[in-house]
1. Take peptides 192-199, 262-269, 143-150 and line them up by average Cβ neighbours within 10 Å, highest first, as a rough protection proxy.
2. For labels at Leu254 and Leu28 in the simple 7 Å Cα→Cβ model, what's the distance in nm?
3. Only Cα pairs within less than 10 Å get springs; with that Gaussian network setup on the chain, which residue of Gly275, Gly295, Gly151 has the largest fluctuation?
4. Just give me a number: lysine pairs in the chain, eight or more positions apart or cross-chain, with C-alpha atoms less than 16 Å apart.
5. Sorting check: for 26-37, 229-240, 62-73, 99-110, which peptide has the highest mean count of neighbouring beta carbons within 10 Å, and how do the rest follow?
6. Once fully extended, how much extra length lies between Arg269 and Val143, figured as 0.36 nm per residue of separation less the alpha-carbon to alpha-carbon distance?
7. Of all DSSP beta bridges in the chain, what percent run antiparallel (nearest 5)?
8. With a point put 7 Å past each Cα toward its Cβ, work out how far Asp308 is from Arg10 in nm, to one decimal.
Amino acid sequence: MSESANKTMRAIVLDAPGPPEALHYRELPIPTPLKGQVLIKVRAFGLNRSELHTRLGLAEGVTFPRVLGIEACGQVAQCPGGEFAVDQQVVAVMGNMGRTYDGGYAEYTCVPASQVIPFKSTLPWSTLGAVPEMLQTAYGSLVSALDAQPGQSILVRGGTSSVGLATAILARQRGLVVFSTTRNAAKRDVLTAAGVDHVIVDDGDVASQVRKILPGGVDLALELVGTPALPDTLRAVRPRGVVCFTGMLSNEWLVKDFYPIGYLKNLVRLCAYSGDASDLPASVLQDFLDGVSAGKLSVPIDHVYGFDEIVEAHTKMESNSAAGKLVVVV
């Protein structure tokens, strides 16, 4: 009989939208996976803005009560279909985790096998837990959406977020020139440590600062702040350059009174990225972790919390004061 059979687990449950204190610890039955599903013993999970949006009642399609968490990192406990071996190290990301079915804020999570990616590493769980969604979003935005090429320039708007820092690391690894923004000049060193070539203090007019350095504008831009910053980000990009809209740190989702010809700068292209586990090949995840183990790459972590500190962790995330990933070790 498996360790998880006929037992309960601790989970963090949201009964209805509310403040961080709306997250409650509860004993739940350990899920029983069906064929095509994987039961994961969760060792760590990262916090994401998507979970903040769900907690605030801003996400669509969510039913309550719900165990939040769009990612998790751990080991396979059960896999009826045989897609993964028991005890294999895996991450799970996206696929409506923590939205239409329970996610990673628990001692165990049961997810479709399609959302699971295997890896092997001796890195601590506190480091591994920071990687999956951060890397998937950064890699998908940079490679799948922006099709970034060596020698190009990229502006990362919202650079001290976990995805922003991961994007800078990946972009430098691929030979791009990286511009990155922060609203806090004291965080310059955080960006420099991630390999950023040009740190821009965001005063609302980033485009002018970028064009003082690169008069023609950058080739690419990744928008992580959201709709309030998007018009200025578009102005920072050269004709036929591309802007990818990925994040909404501002919690503002919609562009009001959208007039395309006035809003979009001449010949600048705009796309969006949300992505899924399929956008992160297992080889990319493994190569990244191997690079971290070898000291060639870094994982931008702001703080590691214990499982009993979810209220503190969500409070920190909501404050927008983190410079890197917030991780919870189970």
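1. Top to bottom by mean Cβ count within 10 Å: 192-199, 143-150, 262-269.
2. If labels sit at Leu254 and Leu28, their model points lie 3.1 nm apart.
3. Gly295
4. Lysine pair count for the chain: 4.
5. The most tightly packed comes first, giving 99-110, 62-73, 229-240, 26-37.
6. Extending this stretch completely gives an extra 43.8 nm.
7. 55 percent
8. My value for the distance between the label points is 0.7 nm.
Laboratory data are not the source of any read-out in this text; all were calculated from the coordinates shown. The model shown is predicted, which means the values in this text are computed figures rather than measured ones. Using ideal geometry, Cβ is built from the backbone for each residue, glycine included, and neighbour counts are taken over all protein chains shown.
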